[in-house]
1. Give the residues of the range 180-225 that are touching a Phe, Trp or Tyr at 6+ places or on another chain (Cβ under 6 Å), over 27 Å from residue 321 (Cα atoms) and crowded, with 20+ Cβ neighbours inside 10 Å, sorted by residue number.
2. Taking the range 209-225 as the search range and keeping residues that are among the hydrophobic types (A, V, I, L, M, F, W, C) and at pLDDT 95 or above, which one is farthest from residue 298 (Cα to Cα)?
3. Scan the range 113-133 for residues that are of a type outside the set (D, E, K, R) and within 12 Å of residue 82 (Cβ to Cβ) and jot them down.
4. Spot the failing condition for residue 85; the list is (1) touching a Pro at 6+ places or on another chain (Cβ under 7 Å); (2) part of a helix (DSSP H, G or I); (3) of a type in the set (Ser, Thr, Tyr), and only one is missed.
5. Does residue 167 fit the bill of being at pLDDT 95 or above, closer than 30 Å to residue 121 by Cα, assigned by TED's automatic domain parsing to the domain that holds residue 304 and touching a helix residue (DSSP H, G or I) at 6+ places or on another chain (Cβ under 6 Å)?
6. If you take the residues in the range 397-421 that are at pLDDT 95 or above and crowded, with 20+ Cβ neighbours inside 10 Å, which one is farthest from residue 19 (Cα to Cα)?
7. Considering the range 240-269 alone, what residues qualify as being β-branched (Val, Ile, Thr) and part of a strand (DSSP E or B)?
8. Modelled with pLDDT under 95, out of contact with any Gly (no Cβ under 8 Å at 6 or more places or on another chain), among the basic types (Lys, Arg) and within 30 Å of residue 28 (Cβ to Cβ), is that true of residue 250?
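The values are calculated or read from the model by the stated rules, or taken from the named source; none is laboratory data. Bear in mind that the values here come from a model prediction, so they are computed numbers and not experimental data. Every residue, glycine as well, gets a Cβ built from its backbone with ideal geometry; the counts of neighbours run over all protein chains shown.
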Amino acid sequence: MVKERSSMRQSTLFLKTQREFPKDEAAVNAKLLIRGNFIHKLMAGVYTMLPLGFRVREKVIAIIRDEMDMLGAEMLMPALHPRATWDATGRWEGMQKVMYQFKDHGGRDVGLGPTHEEVIAEVAKQIISSYQDLPKAIYQIQTKFRDEERPKSGLLRGREFTMKDLYSFHADTASLEQYYERVKDAYHAVFKRMGLMAHLTEASGGDFSKYSHEFMVEADAGEDKVLLCRLCGFARNAEIAEEKKGKCTKCGEGMLENINGIEVGNIFKLGTRFSEPVGLVFKDKDGETHPVIMASYGIGVERLIGTIAETHHDDKGLMWPEAVAPFMVHLLRVGAEDDGLTKFADKVYDDLVKKGIEVLYDDRPGVSAGEKFADADLIGIPWRVVVSERTHASEKVEVKRRGENDAKLVTPSALAALVNA
């Protein structure tokens with residue numbers, strides 16, 4: 001059952017939409033999310049999550065957590081890191097362009113974590129010492145900091161953002177491969193539940209392996225170029241691809257085409273790149289010592305929100321998938337202020353709340369019907385329910401889905417079943 005605090009009256013909510021799109025934003029997601037009062041821009045790449053945005057963020061995190069809990073336990077690591085942790089792998093110097101680094105009052109070098117491979121490898125030394133301790137997996141959902149040179153594209157590229165990072169530890173490559181495939185499936189489930197179609201895309205593995213994998217959502221705003229075969233699903237990041245447009249090199253029948261993609265997740269086989277420098281080792285059944293094999297798996301929370309906004313909107317505003325929408329129903333009371341109309345609308349609201357449906361109730365006095373309708377389209381909640389003098393006279397409400405033109409009159413008692421169908 002949804003708690004009553006999961007539904008709100010718009011007259012008391014910390015919410016005021018903007019009449020115009022922000023002039024300093026080019027990305028669609030930033031324009032819509034700022035104008036709809038989901039986020040507020042503090043500076044380039046840094047945004048406040050306002051109540052509507054916070055609720056979407058919580059829904060996104062809940063889906064991620066639901067799928068990740070089947071892969072490993074959750075923890076939380078610090079964002080502030082000592083230089084020594086990064087010096088062990090040689091990345092303190094190598095990450096200077098993206099890592100916020102400074103000295104504390106004691107003159108010690110510290111940094112804000114853009115990622116946590118070094119930290120988790122140190123932690124794992126306290127947990128793993130034998131082959132019997134493997135495999136293991138752990139994840140966190142935590143704030144990351146990256147000094148992006150040109151933060152842009154709204155929530156798609158920020159300096160401060162939330163990341164789900166999962167880490168796995170293995171004794172051999174067979175164990176790693178098995179777990180890696182499980183993560184692929186879990187990632188597809190996460191994105192599908194949010195209304196996103198993500199293409200599993202081969203990308204460079206850098207120093208770690210021949211290939212890593214990215215999950216790319218096709219979108220005009222995508223900064224990555226991807227070669228995709230729609231027939232078999234093969235996809236490869238164009239930056240490392242030997243192939244060109246033409247016949248698919250995997251299935252031999254489909255055609256490779258260039259698309260723009262937004263990266264919503266990535267998975268890396270790290271090998272022993274981080275375990276060896278910190279001495280993360282285990283003894284096998286014969287007592288011989290080996291470095292632990294690692295992998296990391298990331299999903300950006302705000303980037304997902306921005307991607308959903310980029311791919312789920314029309315010329316009127318946002319169109320949230322039900323699983324991540326800030327509310328399920330936007331109830332609008334329109335018309336002249338009248339005690340009878342108000343009581344009827346209040347009862348509709350109370351009944352929906354009691355039935356566990358999340359409702360944003362636009363009970364604002366002195367706001368025209370046109371403004372309320374425009375705000376409802378901009379905010380993009382899946383269902384719009386209107387109570388007016390006309391519907392009140394027939395003791396019904398007008399209901400329609402966001403994005404559909406046709407509305408229907410139903411009794412309040414039938415409303416919950418329609419929304420939940």
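1. 212
2. Within the range 209-225, the subset among the hydrophobic types (A, V, I, L, M, F, W, C) is 215-217, 219, 221.
In the following step, the residues that additionally are at pLDDT 95 or above were identified as 215-217, 219.
Numbers: 215: 10, 216: 13, 217: 15, 219: 20 Å.
Among them, the one singled out is 219.
3. Going through the range 113-133, the residues of a type outside the set (D, E, K, R) turn out to be 113-116, 119-121, 123-124, 126-132.
Those that are of a type outside the set (D, E, K, R) and within 12 Å of residue 82 (Cβ to Cβ): 113, 119.
4. Residue 85 satisfies every listed condition except (1).
5. On the way: at pLDDT 95 or above: yes; closer than 30 Å to residue 121 by Cα: yes; assigned by TED's automatic domain parsing to the domain that holds residue 304: yes; touching a helix residue (DSSP H, G or I) at 6+ places or on another chain (Cβ under 6 Å): yes.
Spelling it out, residue 167 is indeed at pLDDT 95 or above, closer than 30 Å to residue 121 by Cα, assigned by TED's automatic domain parsing to the domain that holds residue 304 and touching a helix residue (DSSP H, G or I) at 6+ places or on another chain (Cβ under 6 Å).
6. Only one residue fits best here, namely 397.
7. Taking the range 240-269 and keeping what is β-branched (Val, Ile, Thr), we get 240, 249, 259, 262, 264, 267.
Answer for the range 240-269, where residues must be β-branched (Val, Ile, Thr) and part of a strand (DSSP E or B): 259, 262, 264, 267.
8. On the way: modelled with pLDDT under 95: yes; out of contact with any Gly (no Cβ under 8 Å at 6 or more places or on another chain): yes; among the basic types (Lys, Arg): yes; within 30 Å of residue 28 (Cβ to Cβ): no.
No; evaluated as a whole, the condition is false for this residue.
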